[in-house]
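The values are calculated or read from the model by the stated rules, or taken from the named source; none is laboratory data. Quick caveat: nothing in here was measured; it's all calculated off a predicted structure. Note that we place each Cβ from the backbone using ideal geometry, even for glycine, and neighbour counts take in every protein chain shown. To get the accessible areas, we keep the full protein, side chains included, count just its heavy atoms, and leave off ligands, DNA and RNA. Shrake-Rupley method; radii C 1.70, N 1.55, O 1.52, S 1.80 Å.
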Amino acid sequence: MKKDILKHQLVPEHVILSEEEAEKVLKEMKIHAEQLPSIRTDDPVVKAIGAKEGDILKIIRESPTAGKFVTYRIVQD
């Protein structure tokens, strides 16, 4: 029986950004995609959500002090 890792309490929400959303985020942050921290293509969550190399992921973590904390990663090998 296969477990759904996306439902595990320690796995934050991962969202694949559309090209338009990614461009907007990069413009707001005044950076290039290559400057984002990376997440590997063989990461179990990347595989589970169907992300591919070059995609930018929005990761939303729950924080007891900050409420919600959002970070971005680019999918790379």
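In the chain, counting only strands (runs of 3 or more DSSP E) that sit wholly within it, the ones holding 2 or more residues that are at pLDDT below 95 span 56-63, 67-76. Residues in segment 46-64 that are within 9 Å of the chain's Cα centre (by Cα) and more than 17 Å from GLU19 (Cβ to Cβ) were compared, and the one that is surrounded by the most Cβ atoms within 10 Å (Cβ to Cβ) is VAL46. Can you pull out the residues in segment 1-45 that are of a type in the set (S, T, N, Q) and open to solvent by 100 Å² or more (accessible area, probe 1.4 Å)? Of everything in segment 1-45, those that are of a type in the set (S, T, N, Q) and open to solvent by 100 Å² or more (accessible area, probe 1.4 Å) turn out to be GLN9, GLN35. Step by step: first the residues of segment 65-77, then only those that are open to solvent by 40 Å² or more (accessible area, probe 1.4 Å) and out of contact with any Pro (no Cβ under 6 Å at 6 or more places or on another chain), then the one that is farthest from GLN35 (Cα to Cα). Which residue is that? Here the residue is THR65.
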